[in-house]
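The values are calculated or read from the model by the stated rules, or taken from the named source; none is laboratory data. For clarity, every value in this text was computed on a predicted model and none was experimentally measured. With ideal geometry, Cβ positions are generated from the backbone for all residues, glycine too; neighbour counts draw on all protein chains shown.
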Amino acid sequence: MPETAPQPLDAAPVSHTMVVPADAAVEPDYPALPDAPAVCVFESAGTPPRSILIATTASARDLARRRFGVGADTSPARSARPDLHALCLGGRVLAIAVGSSLEADAVYLRQARERLPHLARVVAERWRAWFVHVDPEAEFPQWTKTNLSIGLVGKRSASTAIGGGSLPKGLILGPVPDKDAAGRLIESLIDCFDLCRYHNLLVQAPRAVACAYKEMGRCPAPCDGSETMVRYRERVAAAAAAITLGVDGAIATAQEQMQRAAASEQFEAAAKIQKEIGRLRTLDKPAFSQVRTLHSWRELLVLPGAAKGRCTGALFDRGALLRIADIDSADPASAVAACEAARAWLARDPAPSPRDATSIPPDTIDTIALVSRWLFTPKARRKGEVVRSADGRFEAEDLLGAAASVGRPKKHAVEIDGQEIEGAG
């Protein structure tokens, strides 16, 4: 067991403080803030102080100069902004050092929740990721989509939620970038695996009148009893497994089957498999590249560290984002320690069964959203690596390789979007 329990990644302490002089003619001590990536909180004077601005920046010192200094932006596009310097006279600027864009987002969202909760909710909603839900063992499996906060939404629906508040048992597959991508994933899976397109007919099985897809040879028609519901549920499970275990593997398996069919002169069967491979390739898209099952989503993230030459090992465990250990690519012992800490943490809380209903607290949903957002950031910008576990275990060699890939962070190496929340806390 590690000597200290892992701490949330967003719990980084304030590292620097700059006092804003009460006299507007006196220039603040800008060097008190780091010329490095940080989340900055601008506070007014008074007891208790009010939070005026929360912002992520690649340089806390430069941000303060831009907002307070002689060269502060006064262009017409910024004219609606309040006079930040006047609001903060006698107050202070707090800087929380961060090493990566993911850590910056996590700290930013936590500070916003604590200081400006009404605006934090707006930001969290803007970051929300989407998922696909299906229960292969249900009497009549149905594909729906969800952002985890509004219940389930029908695959073609724009707004109607099913069972809001908690999610029923079954598989939650994702993340995908947005609601439209979730709908496209459902349609692609249904089309690729010839699943039922009309749930209103499926629930009538085995007494429904089959739709035109049966005549086209694109559906085995469980609705009219041509296919048993047992077999149909197996195919739904196979579709879910194909997208979560990797499309490349499913394509490779199908190609082997096609080659064997062709070698035995079963050309009609080989042609059918070739069409199936073409449909499988429709799942090989960037929007679907991060799909896994939410109940088993546990992996290590190797992120640039705030300290030069070191990386941060962060464990994502189904919505919890924890700082596990510092990792030095030149020190194998640091990678071993990170693996042991992650293994010890995961052993305390086994992954739940997808047969259980899921209730996810709002803060956990927000953390899932920001990690999903980071995963869909272009790799050159996000500057971090993902190390997936094998049966709850991580290998030190994988962590060392990831740390070497992240490299030694340099000044301003972390790209941060410059997000800002303004308001009175």
Task: Among the candidates 334, 353, residue that is among the polar types (S, T, N, Q) and not in a loop (DSSP other than H, G, I, E, B) - done: 334
Open item on the list: Scan the range 341-350 and tell me whether some residue there is touching a residue at least 40 places away in the same chain (Cβ under 8 Å) and within 24 Å of residue 113 (Cα to Cα).
Closed with: no
TODO: Might you check whether a residue that is at pLDDT 85 or above and part of a loop (DSSP other than H, G, I, E, B) occurs anywhere in the range 247-262?
DONE: no
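Select from the range 384-424 the residues that are closer than 30 Å to residue 117 by Cβ, modelled with pLDDT under 85 and surrounded by 20 or more Cβ atoms within 10 Å (Cβ to Cβ) and list them in ascending order.
Looking only at the range 384-424, we keep the residues that are closer than 30 Å to residue 117 by Cβ, and these are 384, 414-424.
Among the residues that remain, those that are also modelled with pLDDT under 85 are: 414-418, 422-424.
414, 416, listed by residue number.
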Task: Hits in the range 356-379 - residues which are assigned to a helix (DSSP H, G or I) and in contact with a Lys or Arg (Cβ under 6 Å, 6 or more places away or on another chain) - done: 369, 374
Open item on the list: When you check residue 330 against the structure, is it of a type outside the set (Lys, Arg) and in contact (Cβ under 8 Å) with a residue 24 or more places away in the chain, yes or no?
Closed with: no
Task: Enumeration of residues in the range 346-383 that are closer than 17 Å to residue 302 by Cβ, at pLDDT 90 or above and either exposed (fewer than 14 other Cβ atoms within 10 Å of the Cβ) or touching a strand residue (DSSP E or B) at 6+ places or on another chain (Cβ under 6 Å) (or both) - done: 371
Open item on the list: Filter the range 307-332 down to the residues that are touching a Gly at 6+ places or on another chain (Cβ under 9 Å), surrounded by 22 or more Cβ atoms within 10 Å (Cβ to Cβ) and among the hydrophobic types (A, V, I, L, M, F, W, C) and list them by number.
Closed with: 311, 314, 324, 325, 327
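Where in the range 111-230 are the strands (runs of 3 or more DSSP E), entirely inside, with at least 1 residues that are of a type in the set (Phe, Trp, Tyr) and either surrounded by fewer than 17 Cβ atoms within 10 Å (Cβ to Cβ) or within 22 Å of the chain's Cα centre (by Cα) (or both)? Give the derivation first.
On the way: elements: 130-134, 144-146, 152-154, 171-176.
Answer list for the range 111-230: 130-134.
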Open item on the list: Restricting to the range 11-37, count the residues that are at pLDDT below 95 and not in a loop (DSSP other than H, G, I, E, B).
Closed with: 1
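Is there a residue in the range 305-315 that is part of a strand (DSSP E or B), of a type in the set (Val, Ile, Thr) and under 30 Å from residue 183 (Cβ atoms)?
So the first thing to find is which residues in the range 305-315 are part of a strand (DSSP E or B), and the list is 311-315.
Subsequent filtering for residues that are of a type in the set (Val, Ile, Thr) retains 312.
The next check asks that each one be under 30 Å from residue 183 (Cβ atoms); those that pass are none.
No, the range 305-315 contains no residue that is part of a strand (DSSP E or B), of a type in the set (Val, Ile, Thr) and under 30 Å from residue 183 (Cβ atoms).
Here's a check for you: in the range 276-304, which residue that is part of a helix (DSSP H, G or I) and charged (D, E, K, R) is surrounded by the most Cβ atoms within 10 Å (Cβ to Cβ)?
Here is the first cut: in the range 276-304, the residues part of a helix (DSSP H, G or I) are 276-281, 286-288, 294-296.
Among the residues that remain, those that are also charged (D, E, K, R) are: 276, 279, 281.
Details: 276: 18, 279: 15, 281: 12.
Result: 276.
Which of the following residues is of a type in the set (Phe, Trp, Tyr) and modelled with pLDDT under 90: 267, 288, 316?
Values: 288 fails: modelled with pLDDT under 90; 316 fails: modelled with pLDDT under 90.
That would be 267, the only listed residue that is of a type in the set (Phe, Trp, Tyr) and modelled with pLDDT under 90.
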Open item on the list: Tell me whether the range 267-275 contains one or more residues that are surrounded by fewer than 17 Cβ atoms within 10 Å (Cβ to Cβ), touching a residue at least 12 places away in the same chain (Cβ under 8 Å) and at negative phi.
Closed with: yes
